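A.B. asks: The structure under discussion is supplied below as structure tokens; questions concerning it will follow.
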Amino acid sequence: MNIKRILYLLVRLFIGFFLYGLGIVVMVNAQIGLSPWDAFHQGISLKTGITMGQASITVGLVIVILDAVLGEGVGWGTVLNMIFIGVFLDMIKAANIIPVADNLFMGIIMMIIGIIISAIATVVYLGAGLGSGPRDGLMLALNKKTSKPVGVLRTGIELTALVSGWLLGGQVGLGTVMSAFGLGYAIQIGFKICNIDSKKIKHRIITDDIRYIKELLENRKSA
């Protein structure tokens, strides 16, 4: 893999991460209930005093470990996803550049926009092939294990996060339901539009690079 290709993939990753952070803030500012994961992150934030971005990073780390247990390879993109979506979330939120909905109609429109942005972001960074996001990795691992549709699995994962967030005190409302049922299918539509088969996504994982570097060093020593 040459330098230009690596730079292209990294740019693609960070565009996806930024868009996902943006999508989260748009949904938060819709003021009609947080998405399931954000309700979960907010609940953790309320209980611990850390920011939502920091909660996202912490939860991401736990899910990365679960992904590895389920056999989904962890790539550099997975690690960067775990860190930078939370970072971008906090940065965009602190910048106050996203308007806050002041009525139900505007809130619904913002929630739909946030879901679409998040779905686009998911397809963008998954397509880089440098490792799925922690939550996407869980979705893909279950997809490969069960052969059930991505939309069904993502909805189940979102509902699990929703219940956990609600129990922790996260804000739950109409927007939460819209995101829980809409995001998975929006991602599935995105895969179809981009002609991506979720079962055939092959990511370059960290162990591949370690093995490659090891072989390269051994070849140089023997040369």
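The values are calculated or read from the model by the stated rules, or taken from the named source; none is laboratory data. Keep in mind the model is a prediction, meaning the values are calculated, not measured. With ideal geometry, Cβ positions are generated from the backbone for all residues, glycine too; neighbour counts draw on all protein chains shown.
A.B. asks: So which residues in the stretch 62-104 are closer than 17 Å to ILE205 by Cβ and free of Cβ contacts under 8 Å to residues at least 24 places away in the same chain, if there are any at all?
C.D. replies: Those that are closer than 17 Å to ILE205 by Cβ and free of Cβ contacts under 8 Å to residues at least 24 places away in the same chain: ILE65, ALA68, VAL69.
A.B. asks: OK, next. How about the stretch 121-223: which helices (runs of 4 or more DSSP H) wholly inside it have at least 2 residues that are touching a helix residue (DSSP H, G or I) at 6+ places or on another chain (Cβ under 6 Å), surrounded by fewer than 19 Cβ atoms within 10 Å (Cβ to Cβ) and in contact (Cβ under 8 Å) with a residue 60 or more places away in the chain?
C.D. replies: Ranges flagged: 150-168.
A.B. asks: Which residue pairs have Cβ atoms under 6 Å apart, sit 6 or more places apart or on different chains, and have a first residue in the stretch 30-42 that is in contact (Cβ under 8 Å) with a residue 60 or more places away in the chain and at positive phi and a second that is assigned to a helix (DSSP H, G or I) and buried (at least 24 other Cβ atoms within 10 Å of the Cβ)?
C.D. replies: Hits for this filter: GLY33/GLY175; GLY33/THR176.
A.B. asks: Assuming HIS203 fulfils every condition listed in (1) modelled with pLDDT of 75 or more; (2) more than 30 Å from GLY165 (Cα to Cα) apart from one, which condition is it?
C.D. replies: The one condition HIS203 does not meet is (1).
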